[in-house]
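Down below is the structure, laid out as C-alpha cells.
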C-alpha cells in the first residue's frame, strides 16, 4: 500500500462526508448514534472474536495485566459503549445555534452561528472504546472523523469500525463520515497531521510523548492535553474543615488521573494547624509526603527537590510547600503549574477574587476539589479531552469544543455606503 | 547582537509583563491608552523627524508613491492613531467577564471567565500606524505584545515605541508590556514564531506570502487572514433591485479590499434579467467582466478560465458564472471560496436557511453586501484582522478574539464523592 495515497484518499472522503454531515439534521445524527449502539450490541460475538486476536498478540508481546485489561472488549465494556452512544444522542445538538443577533446602524442584523469544525483527526493509544466515544462526539457535532488507534487494538478497532459504518448507513449517512485508519504504520500519522486541506484539527489522546510528537509535527491546530500538575493552596483565611476535606479528596480520590492534586501549598499561618492532621490522614491512605524545609520541620516528610514541584506523580505521592502568602502561592503556580487546575481554600472574598482572576489555568477553583475538573462534572455531558491550551477550547472539551462560530448577516438588499 | 538571545530576552520580559497586565484593572489600562494618545500628539515633531528618515530611505530604495504614502506619519495619521487609542479606551473591557454560572448536582457552581491569551506576537508590513493599533488592542485585552514591523518603517516604529513606553509608564504599567523588535533581521521573526514558552499566539498582517511563510514556520497558534475570494449568489427567488444593489456594491464600493466580491454566481432563471443591467452598471464603473460560456452568450465579457474562479483580483475585474441552482452555487463556493464571506440574494425562506447553514465561510450573508464583513461594521469596535480559520477566532477579530475562556468553579469545601 502506498500510505501517502491511502491517507490522501481517506482525507478526500472525509472532506466530502463532512459536507454531508454539515447538512444532517439532529434527528438523522441521533438515528445514526442509536443504530451504532444497536450494531455494537448485536455484534458482541464478532467484536469479542476480533478482540481475542489483539489480546493474544498482546500476551505474546508481553503487555502487562493492566494494559490487557484496558484492551479487553468484555460484555461490560460493550454495554458501556452502547450506553455512551445513547447518552450522546440525548445531548443537545450544538450545531446551528444562533446567538447575539443584533441590528447595526447600517441596517444589517449580525450574529453568530455554531458550526462544525469539519474533519477531526484523532490519534489515540490502546483502549479501543475510544474509537466509539470519539466517533460519537464527532458525529453529534457534525464533524467527519479519521481515527487512528494503537497497533495493540488493530483488530478490535476495525471490528468497531464495521459496526460504526453499518450504523451510519442505517441512518442514511455516508460510512466515510467515520473512518478508522487500517494501517498501523507510523507513516500514516505523519500524513494525517499534515493534510490541512482535508483535516481541520488533530486531537491526540495518550501519553505525553505521543502528544508532544504530534504537536511538533502537526501543521493543523492540535487540541492537546498535556500534564496535570494541579495545586491546592490553603490560604491564611481557610476554613479548617474545608481545607482538610478538599486537600484529602484532591489527592486521594483517585491517583492516576490528570485532575489529582500533585502539590499542596499551605500558608505559613495555617501550616501548624492543618499539616499534622493532613499528615495523619494521608498516612492512613499510604500517601508518601515530600516537603519543603518548613514542612519537614512540622511533619515527617521526605525532602522535596525542585524536580518534585515539576512532576506529575499520578501516584500516592504528594509534594508540600509552605508559602508566605497568596502572592507566593500564585508565583509558585505560575512557575510550576501545567495550566490544568488549581484550587484555593479561603473564606476571604478579596483573596478568592484575586486567585480566580490571576491564576492562568484552564480551571480555577475556590473551596472545591480539583477532581471536579471533568466534562461530566461540568455538565458538558461528554468529554473528548481536557485542553491545557489557551487557544480555541480550554479545559474539558465537549461537543462545543468541536465546533466553531461563524458570523451570519441578514439584510434587505443592504449595501455599504 | 546575538539575535536568538535578544529575542529570548524580549520573550521573557513579555511573559513577565503579561502577568502584570493580567492583574491590571480596566481603569489602569484605559489610563495607559489615553496617555499613549497624548504622547503621540505631544511628540509629533519627533515622530515626523524619525519618519522622514524612513521616507528618505524609501525614496532611495525606489518605493512607489502608494507605498511612500502608506509610510507617511503626517498630522492626519497621527491624529487618527490618537483617536483610535481613545476609541479603544472607550470599548468595554472583555477581561474578567463571567458567564454561564450554574450549579451542578454535586454542589459546585461552574462557569467561564474571559481572560487574556498572554503574549501576542504581531508581524506586519510597512504601515507604521499598525504599531499603535496593535499595541492598543493587546493592551486593552490584557495581553503583552511583541511587535515586529517592516524594515521600511524601522525609524518610525521605534519612535512610536518610545511614545507607547512613556504612556505605559505614566499609567504605572511596565514598558515591556509592548515591545517593538529593534532588529529588522529576518532571523528575529524565526525566533519570535518558535518560542511557545514566551509567545502564545502570532498574528501576521500583510501579504499572502508573509502569512504563508509565518504559518508554515510557526510552532504556536497563528490567527491568519488569507485571501478573500468572496461570492455573491443571485438566487432564482432574488428580488431584482436587491440583487442589482448588492452585486454592484459588493464589487465596486472598494476594489483592493478582502471583502470585495470577486465572483458573481447567477441562477440560470435570473441571468437574462439581471446580467444585462449589471453589465451596463459595471461598464459605467470600468469593471472588466470575465464570464462562463452562458454568461458570454448573454452579455459582452471575456471568457473566464478555471484560474479566474480561484483568483482574488483586488481590482476592477469580476468573474461571473451562471449556475443551475443553489446547490451548484454552494458547490462552486465549496470548491473556490477562501472561506471569507459569501452572500445570497433571495426572498426564499428555505433557500436562505440552507445557505446560512451550509456555506462554510467566516461570514455568511443574506441580502447584504459582502463589504459589511468588517469588525467595525459588526460592532466589535476595533479589528486586528479577519480570520479565515475555523479555530479559535473566525471572521473579524476584535478584543474578544485576543482572549480565551477558562472555567471557574466555586464550592463550599465541596469534594468529589
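Just so you know, all these numbers are worked out from the coordinates, no wet-lab data involved. Everything numeric in this text was worked out from a predicted model, so none of it was measured. Cβ sites come from the backbone with ideal geometry, for glycine too, and all protein chains shown count toward neighbours.
Just a few scattered comments:
- Between helix A:75-90 and chain A there is an angle of about 80 degrees, using the helix long axis and the longest principal axis of the Cα atoms.
- Packing-based exposure ordering (other Cβ within 10 Å, fewest first) of B:98, A:3, B:344: B:98, A:3, B:344
- Whether the range B:259-305 is rounded, prolate or oblate, judged on the alpha carbon gyration tensor where a/c under 1.5 counts as rounded: rounded
- Residues considered: A:159, A:315, A:72. Largest GNM mean-square fluctuation over chain A, using C-alpha springs under 10 Å, is found at A:315.
- In the range A:161-292, Rg over Rh equals 1.21, where Rg is the alpha-carbon radius of gyration and Rh the Kirkwood radius from pairwise Cα distances.
- Cβ-based exposure ranking for B:328, B:81, B:261, in which fewest neighbours within 10 Å come first: B:328, B:81, B:261
- Highest-MSF residue in chain A out of A:47, A:63, A:265 [GNM, Cα springs under 10 Å]: A:63
- For residue A:100, inter-copy separations between label points set 7 Å beyond Cα along the Cβ vector come to 1.3 nm, shortest first.
- Peptide B:389-401, shielding by other chains (average Cβ, 10 Å cutoff): 4
- Between 0 and 90 degrees, the angle of helix B:208-217 with respect to the longest Cα principal axis of chain B falls at about 50 degrees.
- Label zone at residue B:28 (point 7 Å along Cα-to-Cβ), backbone N below 17 Å, the range B:75-93: B:93
- Shape call, the range A:282-352: gyration tensor on alpha carbons, a/c limit 1.5: prolate
- Taking only the Cα atoms of the range A:349-417, the ratio Rg/Rh comes out at 1.21, with Rh defined as the Kirkwood radius.
- Overall, the anisotropy analysis places the range B:93-176 in the prolate class: the square-rooted eigenvalues a ≥ b ≥ c of its C-alpha gyration tensor yield a/c not less than 1.5, with a/b exceeding b/c.
- Calculated diffusion of the protein assembly as shown, Stokes-Einstein form, Kirkwood radius summed over Cα pairs, 4 °C and 1.567 mPa s, µm²/s: 45
- Fraction of antiparallel bridges per DSSP, the protein assembly as shown only, in percent to nearest 5: 25
- Helix B:268-285 axis versus longest C-alpha principal axis of chain B: approximately 60°, rounded to the nearest ten.
- Principal semi-axes in Å for the range A:15-139 [√(5λ), Cα gyration tensor, largest first]: 40, 16, 12
- Neighbouring Cβ atoms from other chains, within 10 Å of the Cβ of residues in A:105-116, number 4 on average.
- Efficiency of FRET between residue A:184 and residue B:103 - r from beta-carbon atoms, R0 41 angstrom, step 0.05: 0.35
- Per residue of A:230-242, other chain Cβ atoms within 10 Å of the residue Cβ number 1 on average.
- Rule-of-thumb Rg ratio for chain B [Cα; 2.2 N^0.38 Å; N residues]: 1.11
- Expressed as a fraction of 2.2 N^0.38 Å, the value expected for a compact globular protein of N residues, the C-alpha radius of gyration of the range B:292-417 is 1.47.
- Helical runs (DSSP H, four residues minimum) scored at -39500 (n - 2.57) apiece and divided by the length of chain A put the mean residue ellipticity at 222 nm at -14000 deg cm²/dmol.
- Our summary gives chain B a relative contact order of 18 percent, counting only alpha carbon pairs under 8 angstrom and 6 or more residues apart.
- Residue exposure proxy: B:29, B:224, ordered by other Cβ atoms within 10 angstrom of their Cβ from fewest to most, comes out as B:224, B:29.
- Measuring between their Cα centroids, the range A:305-325 and the range B:225-300 lie 65 Å from each other.
- Each copy carries a label point for residue A:314 at 7 Å from Cα along the beta-carbon vector; from one copy to the others these points are 4.9 nm apart, nearest first.
- Alpha carbon Rg of the range A:230-372, scaled by the compact-globule rule 2.2 N^0.38 Å: 0.91
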